[in-house]
Structures are given as C-alpha cells and as structure tokens.
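Notes to accompany the following structure.
The values are calculated or read from the model by the stated rules, or taken from the named source; none is laboratory data. Everything quoted here is computed from the prediction, not taken from an experiment. Note: ideal-geometry Cβ built from the backbone for every residue, glycine included; neighbour counts use all protein chains shown.
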Amino acid sequence: MLEGCKGVRDALIAEVKRRGLDREVKVVETGCLGPCDLGPVILVYPEGTLYQKVRVSDVPEIVEQHLLKGRVVTRLVGEAPQAGVVKYEEPTYLGVQERIVLRNCGVIDPESIEEYIARDGYRALAKCLTEMKPADVIEAVKKSGLVGRGGAAFPTGLKWSFTAKADADQKYILCNADEGEPGTFKDRLILEGDPHSILEGMAIAGYAVGADKGFIYVRGEYVLSIERLGKAIEQAKALGLLGSNIFGSGFSFDVEIRKGAGAYVCGEETGLIESIEGKRGEPRIKPPYPGTEGLYGKPTVVNNVETIANIPPILLNGPDWFRQFGTERCPGTKVFTLTGDINNKGLIEVPMGITLRRVIYEIGGGIPGGREFKMAQTGGTSGGCLPKELLDVPMDYFTLPEHGSALGSGALLIMDDSHCIVDIAECFMRFFEHESCGKCTPCREGTARLHEIVAKIARGEGKPGDLELLDELGSVMQVSSLCGLGQAAPVPIKTMLKYFRDEFEAHINDRLCPTGTCGI
Amino acid sequence: MEPAAKSAGICPAKVSEILAKYSRRPDALVSILHDVQKEAGYLSEEAITEIASGLDIPVSKVYGVATFYTLFSTKPKGQYIIRVCENAPCHVLGAKAIVEALEKELGIPMGGTTSDGKFTLEYTSCLGVCGVAPAIMINEAVYGNLTPERVPLILKEYK
C-alpha cells in the first residue's frame, strides 16, 4: 500500500464515524482492483461506484454527498464512457477480462475468512477431502491442462504425480511467492487480496500428494502480504480448516511463512529450497528434481502463487469448465501486469492466447502522449522484446517461445518510440550481472561480460564484432548455465539483436543514436 | 564518518534470546538474521560470531549467508534506508532523474550514508509496485508515481 492511500483510508474511517454512519457503512480495506495508476480508488457498494485518484481533501465530500445523501460525486468518477457512472463490474470496465485467479481481489475483505467462505471459499477443499481420492484430485488437475504460472509452464498435475508416487515419510508443499521478476507484482496482489485462496490451494495439493506440511516463501519486501497471510493462517487454524483432521477426514495440513531476504535467484525452486534450509540461495544441480528430492531431501512440490490460486476453482467447477477459457494448448487465464508507457497501468486477468495488440489498445488504453509503440518486453526482464510486427501473436506459453520470447511471469513492459534500444539493453544486463548468484561460471562471467559489452556500445565505444560476440556468448550461456537465471539472461538481448539490430549497428558504426535519447 | 544511530550493536543475551525462539536450529538462519538485524540495525562481526557459536556452525557460513542477501547488511546504516528501484519498468519511466534528485537533495552518492547517520541511499531490486513506477521505499513505506519535484517534499517528512 502506498503512503498516499493510508491517509485516504484513515480519513474515510474518521469521517464516516464523525458523521455517525459507522453502523450503516463499513469501510473495508480490500485487495487490488487492478487500475494501479488511478489510485487511490474507493469502490462504493451495493451499486459499485468507482472513485479514482481520491485525495484526503475529497473524503468529506464523498461521505456527505454519496454516503449521506445518495448523490454520486461525478467529478471523481473519471471519464465515464457514457453520461453515467463507471461501475466497477460493468463490462465497459472489465472489458475482455475473465477473473478466475482474481475472483475475490477487490471484492472481499482479505482479512475476513467469513467473506472468503461466503464466496465458496474452502468448498473445493471440502469436496476433495470428502468426495475424492488423492489420485482423482491429481487426475482433475492433469485434465484441466493447468501449467505452472511462474514462468516455466510445467504441467501442474504431472508435477504433483511425481511427488505423489515418491515413497517417503515426509513430503512438503512449497508456495513460491518470491516474486522478483522486474515488472511483476501479480503474486503480491493475489496474496494481499485473497490470501485464503493460497492456503486452500496448498492444502488441496497436500492432500493430493500426501504432504502434511507447507511453506510459503515470501519476499522480505512484501510486508503487507506477510501480515495478511499470517492472519489468514491463524483464522483458518481457528476454524479447523488448517491443522489436524480437517473436516474429520483424517487429513492434516499446516502452513508456515518463510520470509526471503532479497535475492532474485531464490525464485528458482532449488535456490528457494536452499534458502528455507537457512543457506545461501544458490540453485542445486538437477536432477534430482524437487518432486522426488527437495526440501530437507524430501519429495517436494513447488508451485507459484498464481498456479495455486487456480486450484480451488478447478476442483470446484471441474477441468472441463477450466478448459473453456484460453486456448486448446494452453487453457485458463493469465494474470498480466501492465507497466511502462501505457495509459492504464496495473493488474489484469485475461484468457490465455490474447494478443498483445488487444491488451495494449483495448485494455491498456494505448500509448500516452500520442507516441508510437516501439516494443514490448513479455515475461519480465528475462523475457524477449517484441516489435510492432508481432503485435498480433497470441500470448501463451507455447507460441511466444516460437518468436524467441517467453510469457514468463506475465509482466508486460511497454515502451514507446522515445526509448533507445541500447540504453534499455544496458538496464537489463546490469540487472542480471547484479542478480547472478556466482555459483556457476557461464552465468557469473557471462552476465558480467554481456553487461560490459553493452555498456561499451552505449558509451559509443562499441566495435565491429561486438554484436556477434553478444550472440555467441548468449548461446553458450543458454546451454551451459546451471539454472534458469543464466539461461534466460541472454533472451532479451538476443531478441533485441534479432528485431532491432540496425539500432545497435548505428551506435557502433556511426556513433549515433537513432532516437537521439541515449546521450551518446 | 561513521553513522551514530543504531550502530552500538547487540548484546549477547539478546542474540541468545532470538536463537532460543528458533530452538537454535541452523535451518532458521535466515529468519534469525532478519530478527537480529531488526534489533541491531545491522549484522556486526560480534553478532555474526555469536550466532555461529550459538548454532554450532562455522562463522564463515553465517557470514556467507549474511552477505548473500541484499536485505542484510554487515555495516551500520542510516536511520532511514532509502531503497531506489532502477529496474526496467522504473528506468523506462524516469528513475534516473529520481536518483539524481535524491543524490542532490541528500548530498551523498548512491550507496552512501549522510554524515548525521540519518539516511542511507541504495539501489534495490524490483519492489513489485511497477504500476506506479518510478518508486522508492523508505524503511517500510513505499512511494510511487515519483517526479524529481516530489523528492524534496517526501524527504522533508523524515528530516
């Protein structure tokens, strides 16, 4: 929560009380509604009026006019499409969005287990424990076609089946909430907006594979996520929805939070496991994979937050219901975070396979300042950069890699034509040099050299052969690095060389920046 | 000049209390370091040695973990730590100008601490608030949609 928002919240609570409305009007601090750049926002139910960019000084007027007299304060509802008021749940606002993962975000009070239960919360867990065998649960997840939403897109049901088959006295479920990919903040907003969906999903996974213990590894920077998860765990335990003998089924499951300490590489599943074990978060050599030998050497399922948030609705509504969203190859939805040069920044959930063009122009409201689209980086800093010729490529886990990019975590960084390719490339490579853990040579040395070469080109000191060197070095890193970090670090640079090579060449051969913005 | 605030370190009894909270389990090392740093402001050589002997693991191991993660510091820092994101989404929307404004306003370079021990200025990894980029974090408070003009106004709240 931003500092400005806290002031508005406190003012609203005080004003409602001052006006004696605190028995009729409940002020609820909810999860993210999506449109980050319109914040702070207030949503007034039952009708769903959305107030945007609210200042502390606006609060008395909203309370007096709307809450007391029933008149909407029209100057704060933004540019309404018609003469009326923007209603949050009207199609004009949500557009082509489909909300499965974000079903409760911005709708319920995330600190109330009752509100989660009122929206079918813990019903999927009850169904699994009382009506389904563990093997049936795995079969349903397999049939749904759900693949990992952290970026690697491994089939979730298959992953669970490895751990289910493993013979061990102890197994674990890990929720990977070490969201560090620049441009990504979906996991934070899911945890802040609907923490119980993660606990329920983890318990279902535990039942399916035979694990009675779960850990959520959350970034240390995510203060509010940690706080809300902690409350959610306490509430679930108090109602017997976590703990021993859940629903009298004999199945027990406990969840603990582990706080990260600032290391991008801990988002890699074995780095994360090392960190939970109290060590430096350096990835392990695979195989063995965590599914059979993970935390403390025991079979372990590691799933991303968004993957787990999909689990309860899939079990409750069935795999066929899930498959009606998205594409044949890649069913379901994807949560994207829109950032950079785009009018509507924030969080959206859309069917898998949507094109970049629809996301940017139908949901994102296009590029600000009348500028032209230049490129979009999909999947965060470890993803590729796509030029305008590829605006109509369907975005899913299988099609984007065919164009050298990746869907990754779902971060979309939009850049307009004012940006210099070399300057952006330097920013990307600086990131990887900093975040490489140093364990394996191709990544430790490779990320440093990639950054060094790009920085030289940016200073106007590039020489012929540099681009070929970047390409070759990148290829070596992709095949020889130990983990995804070193394998993905060359992806942005390789796609930039593929689609914007002439701009690099102008910097090297003519000592000139075609956009005139990088200061060469 | 060394900053004065919170650099006095931590007494062995306090470390011992924190270790006991985690039943002296070596696998709780990251959590232990979080707690000790919260108490003392940073992880001093004395604290690291104390933790190592308490958990019966080598000092080198504790030091290795303490220096691996960016949220841990083995040096004293200012009372307020200003973490600035310069990752791609913030970079695209002008983080460089924010860095320059902060450096100018505080009179220290990135990585530095003011002579009164009040502010430390450092880069951070993505803060996950890219919807309101460019963004910074001052201790646990997040500020977004920044412009160079807003920087002095925000700092005034802390001075």
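Can you tell me how many residues in segment A:155-179 are surrounded by 18 or more Cβ atoms within 10 Å (Cβ to Cβ) and either under 20 Å from the mean Cα position of the chain (by Cα) or within 25 Å of A:Pro319 (Cα to Cα) (or both)?
Selection size over segment A:155-179: 15.
Quick check on segment A:21-43. Is at least one of its residues outside any loop (DSSP other than H, G, I, E, B), at pLDDT 85 or above and either over 24 Å from the mean Cα position of the chain (by Cα) or basic (Lys, Arg) (or both)?
Within segment A:21-43, none of the residues are outside any loop (DSSP other than H, G, I, E, B), at pLDDT 85 or above and either over 24 Å from the mean Cα position of the chain (by Cα) or basic (Lys, Arg) (or both).
Return only the number of the condition from (1) surrounded by 15 or more Cβ atoms within 10 Å (Cβ to Cβ); (2) away from chain A (no Cβ under 14 Å); (3) not β-branched (Val, Ile, Thr) that B:Leu33 does not satisfy.
So the condition that B:Leu33 fails would be (2).
A:Gly474: within 30 Å of A:Ala261 (Cα to Cα) and in contact with a Lys or Arg (Cβ under 7 Å, 6 or more places away or on another chain), yes or no?
It is true that A:Gly474 is within 30 Å of A:Ala261 (Cα to Cα) and in contact with a Lys or Arg (Cβ under 7 Å, 6 or more places away or on another chain).
Taking B:Ala13 as the residue in question, decide whether it is at pLDDT below 95, at negative phi and in a loop (DSSP other than H, G, I, E, B).
no
Can you tell me which residue is surrounded by the most Cβ atoms within 10 Å (Cβ to Cβ) among those in segment A:220-267 that are touching a strand residue (DSSP E or B) at 6+ places or on another chain (Cβ under 6 Å) and among the acidic types (Asp, Glu)?
This residue is A:Asp254.
Taking the condition modelled with pLDDT under 95 and either outside the structural domain of B:Val142 (by TED's automatic domain parsing) or under 30 Å from A:Leu338 (Cβ atoms) (or both), does B:Lys61 pass?
The answer is no for B:Lys61.
Which of (1) within 22 Å of the chain's Cα centre (by Cα); (2) of a type in the set (S, T, N, Q); (3) surrounded by fewer than 24 Cβ atoms within 10 Å (Cβ to Cβ) is the odd one out, the single condition A:Thr270 does not satisfy?
(3)
Take B:Ser23 and decide whether it is assigned to a loop (DSSP other than H, G, I, E, B) and small (Gly, Ala, Ser).
yes
Filter segment B:83-109 down to residues that are charged (D, E, K, R), in contact with a strand residue (DSSP E or B) (Cβ under 8 Å, 6 or more places away or on another chain) and away from chain A (no Cβ under 13 Å), then give me how many there are.
1
List the number of the failed condition for A:Lys142; all other conditions in (1) more than 13 Å from every other protein chain (Cβ to nearest Cβ); (2) in a helix (DSSP H, G or I); (3) in contact with an Asp or Glu (Cβ under 8 Å, 6 or more places away or on another chain); (4) among the basic types (Lys, Arg) hold.
(3)
Any residue in segment A:181-199 that is away from every other protein chain (no Cβ under 11 Å) and within 15 Å of A:Gly121 (Cα to Cα) sitting within a Cβ distance under 7 Å of a residue that is outside any loop (DSSP other than H, G, I, E, B) and among the basic types (Lys, Arg)? List the pairs, counting only those 6 or more apart or interchain.
Close Cβ pairs satisfying both conditions: A:Pro195/A:Arg228.
Is segment B:39-53 home to any residue that is touching a strand residue (DSSP E or B) at 6+ places or on another chain (Cβ under 7 Å) and more than 12 Å from every other protein chain (Cβ to nearest Cβ)?
no
Residue by residue, here is whether (1) part of a helix (DSSP H, G or I); (2) in contact (Cβ under 8 Å) with a residue 40 or more places away in the chain holds:
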residue	(1), (2)
A:Leu400	yes, no
A:Gly404	no, yes
A:Leu407	no, yes
A:Ile414	no, yes
A:Asp423	yes, yes
A:Arg430	yes, no
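Among the numbered criteria (1) buried (at least 17 other Cβ atoms within 10 Å of the Cβ); (2) free of Cβ contacts under 8 Å to residues at least 12 places away in the same chain; (3) not β-branched (Val, Ile, Thr), which one does A:Asn303 miss?
Tallying (1) buried (at least 17 other Cβ atoms within 10 Å of the Cβ); (2) free of Cβ contacts under 8 Å to residues at least 12 places away in the same chain; (3) not β-branched (Val, Ile, Thr), A:Asn303 fails exactly one: (2).
Take the conditions over 22 Å from A:Asp212 (Cβ atoms), surrounded by fewer than 18 Cβ atoms within 10 Å (Cβ to Cβ), at pLDDT 95 or above and not polar (S, T, N, Q) and apply them to A:Ile285. Does it pass? If you could, list the steps in order and put the result at the bottom.
Values: over 22 Å from A:Asp212 (Cβ atoms): yes; surrounded by fewer than 18 Cβ atoms within 10 Å (Cβ to Cβ): yes; at pLDDT 95 or above: yes; not polar (S, T, N, Q): yes.
Here the answer is yes, as A:Ile285 does meet what is asked.
Quick check on segment A:437-445. Is at least one of its residues touching a residue at least 24 places away in the same chain (Cβ under 8 Å), in a loop (DSSP other than H, G, I, E, B) and within 24 Å of the chain's Cα centre (by Cα)?
Yes, segment A:437-445 contains a residue that is touching a residue at least 24 places away in the same chain (Cβ under 8 Å), in a loop (DSSP other than H, G, I, E, B) and within 24 Å of the chain's Cα centre (by Cα).
Hey, can you tell me all the residues within segment B:113-135 that are touching a Ser or Thr at 6+ places or on another chain (Cβ under 8 Å), within 11 Å of another protein chain (Cβ to nearest Cβ), surrounded by 23 or more Cβ atoms within 10 Å (Cβ to Cβ) and not in a loop (DSSP other than H, G, I, E, B)?
Selection gives B:Cys130, B:Gly131.
Taking the residues in segment A:374-398 that are surrounded by fewer than 21 Cβ atoms within 10 Å (Cβ to Cβ) and in a strand (DSSP E or B) as candidates, determine which candidate is nearest to the chain's Cα centre (by Cα).
Only one residue tops the list, namely A:Pro394.
Check A:Gly446, A:Gly408 and return the single one that is in contact with a Gly (Cβ under 7 Å, 6 or more places away or on another chain), of a type outside the set (A, V, I, L, M), buried (at least 20 other Cβ atoms within 10 Å of the Cβ) and closer than 20 Å to A:Gly462 by Cβ.
A:Gly446
Any residue in segment A:264-291 that is at the interface with chain B (Cβ under 8 Å from one of its Cβ atoms) and within 26 Å of A:Gly157 (Cβ to Cβ) sitting within a Cβ distance under 7 Å of a residue that is of a type outside the set (Gly, Ala, Ser) and outside any loop (DSSP other than H, G, I, E, B)? List the pairs, counting only those 6 or more apart or interchain.
Note: pairs meeting the criteria are A:Ile276/A:Phe215; A:Ile276/A:Tyr217; A:Ile276/A:Arg258; A:Ile276/A:Leu295.
Go through (1) assigned to a strand (DSSP E or B); (2) without any contact (Cβ under 8 Å) to a residue 40 or more places away in the chain; (3) within 30 Å of A:Cys385 (Cβ to Cβ) one by one and return the number of the condition B:Asn145 breaks.
The one condition B:Asn145 does not meet is (1).
Counting only residues that are in contact (Cβ under 8 Å) with a residue 24 or more places away in the chain and not in a helix (DSSP H, G or I), which one in segment A:1-20 is farthest from the other protein chains (Cβ to nearest Cβ)?
A:Arg19
Give segment A:472-513 a look and list any residue that's touching a residue at least 24 places away in the same chain (Cβ under 8 Å) and of a type in the set (D, E, K, R), or say none.
Across segment A:472-513, the qualifying residues are A:Lys494, A:Lys498, A:Arg501, A:Glu503, A:Glu505, A:Arg511.
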